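**Q** Have a look at this one before I ask anything.
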Amino acid sequence: MFLFSLVGLCVIVYYIIHFLVFYYLDSDLELYLLSKLGKPIDTLRGKVVWITGASSGIGRDLAIVLAKHGVRLCLSSRKQSDLFKVKQECVEASRGYLHANDVLVLPMDMLEIDNHKKCFDKVIDYFKTLDILVNNAGRSQRAEWNTIQLKVDRELFELDVFAVVNLSRIALNFFLKKNIQGHIAVTSSVTGLVGFPNSATYTAAKHALHVSKDRWPARLNLERQKNLFGAKTNAGFIQICLQVVFETTMGRTGITVIIAILDFIMIQASCQLP
């Protein structure tokens, strides 16, 4: 009887701790412990990080935070003028760690999949290496399921799934060929785990990305896996204006709230890279 009471007490304490963690922290318990006990972000100083979707929102903020710690950056999105503004912000925030030539502006449309390899080669030609790829580019969607046009479904999957998978494969093959301890991060959403109202296509795309991402290591033998790391970002609410234009009346996206977290990428990478 005492044993059952003890087990019951442990379960109650467990759920109380989890409630307090989610109430007071902006991450899960594992990430919080990594942030306190793992290597400092300064470990990434001098590393090369390529961020897609870097002209605004999460990508921009992540770039600035990394710049403060001396991380060399490649910034990509379709908006070249905005990228140069972010580059200037990164150099100013770096406290002298970075100079203008440490931040590469690389305009890129993720939907132009045939150009992914060319863009990747430009990054390597410029920096001679790559340590972390952050797949941050993406768009959201909000509409009732029965009103969504198939074109919207296809466009969102092309950007949020297929483009991410393709660029990640290019990076993975580079890491394997050069025997580099590389890291691939993906900005995802908890909607890929728990559905969100009126976001059926977005939810399906993120779920597909989760499943695909979880299976990447299974395609490699253990010897080839040892220097490769992956991460998905699924926690914390960040409000961002996503003026995503679908040229249709159905499934058009306006200002939304997407779910992601910056620290996950930085902490995971600093814990795993030497």
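**Q** Among the residues of region 131-184, how many are of a type in the set (A, V, I, L, M, F, W, C) and more than 23 Å from V71 (Cα to Cα)?
**A** Going through region 131-184 one residue at a time, the tally reaches 12.
**Q** State yes or no: is V123 in a helix (DSSP H, G or I), over 18 Å from the mean Cα position of the chain (by Cα) and in contact (Cβ under 8 Å) with a residue 40 or more places away in the chain?
**A** Judged against the criteria, V123 is a match.
**Q** If we scan region 80-91, do we find a residue that is surrounded by 21 or more Cβ atoms within 10 Å (Cβ to Cβ), among the charged types (D, E, K, R) and at pLDDT below 95?
**A** The answer is no; no qualifying residue exists.
**Q** Residue check: is D102 surrounded by 18 or more Cβ atoms within 10 Å (Cβ to Cβ) and more than 25 Å from E158 (Cα to Cα)?
**A** The answer is yes for D102.
**Q** For region 65-99, which positions are of a type in the set (S, T, N, Q) and either in a strand (DSSP E or B) or under 20 Å from the mean Cα position of the chain (by Cα) (or both)?
**A** Across region 65-99, the qualifying residues are S76, S77.
**Q** Residues V13, V21: which one is at pLDDT below 80 and more than 21 Å from Q181 (Cα to Cα)?
**A** None of the other options fit; the residue is V21.
**Q** For region 42-62, name all the residues that are outside any loop (DSSP other than H, G, I, E, B) and over 15 Å from the mean Cα position of the chain (by Cα).
**A** Scanning region 42-62 gives D42, T43, L44, V48.
The values are calculated or read from the model by the stated rules, or taken from the named source; none is laboratory data. Model, not experiment: these values are computed from the prediction. Heads up, the Cβs are rebuilt from the backbone with ideal geometry, glycines too, and the neighbour counts pull from every protein chain shown.
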